[in-house]
Amino acid sequence: MVARLDHLKLMQDAPLSKDLRRQHLDVTRRYFLRLGAAGLGATQAIAAWAKESDAEILEEATADMEYLTYQDEFGTVQRGNPLPYTLPLEKRLEIGLERETWKLEVIPDPESNAAVVNPMTRKKGNALDFKGLMKLAEKHAVRFLKVMSCNNMKDPLGMGLWEGVPLRNVIWLAKPTHNVRRVFYYGHHNEDPKQMFRSSLPIGRALEDPPGDNPIILCYKLNGQWLSGKRGGPVRMLVPDAYGFKSVKWMKTVVLTNEHQANDTYAGGNNDISSWMKTMCRFVYKPAKEKAGVSIPVTGLAQVGVGGLSKVQVWINPQGKEWPKDDPYFTKAPWRDAEILPPPTHWGGDLPEGKLPPDVQFFTKEGKPEHWPMRYTIAHWATLIKGMAPGKYNVYCRTIDKKGNAQPMPRPFRKSGRNTIEKSLLAVEA
């Protein structure tokens, strides 16, 4: 039976960017077209399809996929009145929100006894400017993939290739010696203390990367292009393993402190400000209404968190059929595996010809990922629902991480990242 692509239903309640939705449609459409060839009734098509392995089908399905999100099409969470990047050019030049005039201070916290030999300040004239940052980049620049995601929103904001200089290389320029336990940082806030948005990290995370993780960077490029003001340029913080509130925009000040408490702005909203990104999945094209006997395509995105990703699964349950209350996460349900699609060969986004530049972290010299799916990125998934009898159903999707934890475990609490199991409604008619 043929997958009826004209019946794919776009989720109207999902805030995925138009770019992510378009990219996802492109890859899954090709995937289902190839699978559907076996049911077209054409003997020649059936024979050709039967000779190909699943891997070959999936490779062709993703051949032209654009994986990265264009800068202008990222979902945006932002603060500021007025928004700093909307200020007139003359004002942006004055306050250092253009590359020509940008400067970063690295200073000790005046409220603690952090010992810093060479504070870098505008007043002293030794704050780091963009030219100095580019000089560091000649030796230390790194590039890596990361999905941008908000811990209080259910869908990713966009997928990018980010480039910058590790924060530690700049911290060491200030020559800290002792009494430093945390680093906190903030960007331009219109000279209004009430508008300040700041975040913080243990100094150990800033100076050293856990095995398999990328460094925290002062980011100046996205998808090979200079970071736009809307995306936090000219320079923003980029914390690869964390949600977006750690990646503060319009960077101006880094503070080294001996205080042990976090002082993140997000903490005031009852958020877990030390949470790694979680692994979870969402529908993109969900079933809505179909006829019995028709194969129904279901597709989605998986956000790959710190726990990695081993499986995406789907479960169909008749509406009205009560589930035991002592199993709120449906752990005993008859879940079945969906297909996690392989990495693209065309990365898209703003990259010239959709090709990755050299020396992307955790990629081979041939430009292929060392493993897939990669942590802190997204993965596309797809499946076909077959043999459905007439009736109304709830369709659920979930992930299984590399340690066998089924979503929303091992961290089901919403304030450390929203990862509830998503449900979609399906009506099958006779």
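The values are calculated or read from the model by the stated rules, or taken from the named source; none is laboratory data. Predicted model only: the values in this text are computed from it and were never measured. Positions of Cβ are generated from backbone atoms using ideal geometry, with glycine treated the same way; all protein chains shown enter the neighbour counts. All accessible areas refer to the heavy atoms of the entire protein, side chains included, with ligands and DNA or RNA removed. Shrake-Rupley method; radii C 1.70, N 1.55, O 1.52, S 1.80 Å.
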Extension length gain for Glu353 and Leu173 (0.36 nm per residue less Cα distance), in nm, is 61.1 nm
Using alpha carbon positions and the Kirkwood radius, the Rg to Rh ratio of segment 283-430 is 1.03
XL table Lys278/Lys386; Lys291/Lys321; Lys311/Lys332; Lys252/Lys278; Lys123/Lys246; Cα-Cα > 25 Å flagged, in table order, is Lys278/Lys386; Lys252/Lys278; Lys123/Lys246
By the C-alpha gyration tensor axes a ≥ b ≥ c (rounded if a/c is under 1.5, else prolate when a/b exceeds b/c, else oblate), the shape of segment 186-240 is oblate
Taking alpha-carbon centroids only, segment 386-401 lies from segment 141-172 a number of Å equal to 34
re segment 382-430: pairs of Cα atoms spaced beyond 15 Å account for a percent value of 60
Over all pairs of different Cα atoms in segment 163-259, the reciprocal of the mean inverse distance gives a Kirkwood radius in Å of 13.8
Short to long, in 10 Å steps from zero, the percent of alpha-carbon pairs of segment 103-220 per bin is 11, 37, 38, 13, 1
Rg from C-alpha atoms of segment 311-357, normalised by the globular rule of thumb 2.2 N^0.38 Å, equals 2.02
Long-range share for segment 279-333, i.e. C-alpha pairs more than 13 Å apart as a percent of all pairs, stands at 72
With label points set 7 Å from each Cα along the Cα-to-Cβ direction at Lys423 and Lys91, the distance between them in nm comes to 4.7
Length gained if Glu111 through Lys415 is fully extended, taking 0.36 nm per residue and subtracting the Cα-Cα distance, is 106.5 nm
To the nearest Å², the heavy-atom accessible area per residue of segment 66-198 with 1.4 Å probe amounts to 48
Heavy-atom accessible area per residue of segment 236-306, all protein chains kept, 1.4 Å probe, expressed in Å², is 26
Carbon/sulfur accessible area of segment 111-158, % of total, 1.4 Å probe, equals 52
Rounded to whole angstrom, the alpha-carbon centroid of segment 193-226 lies from that of segment 274-349 at a distance of 30
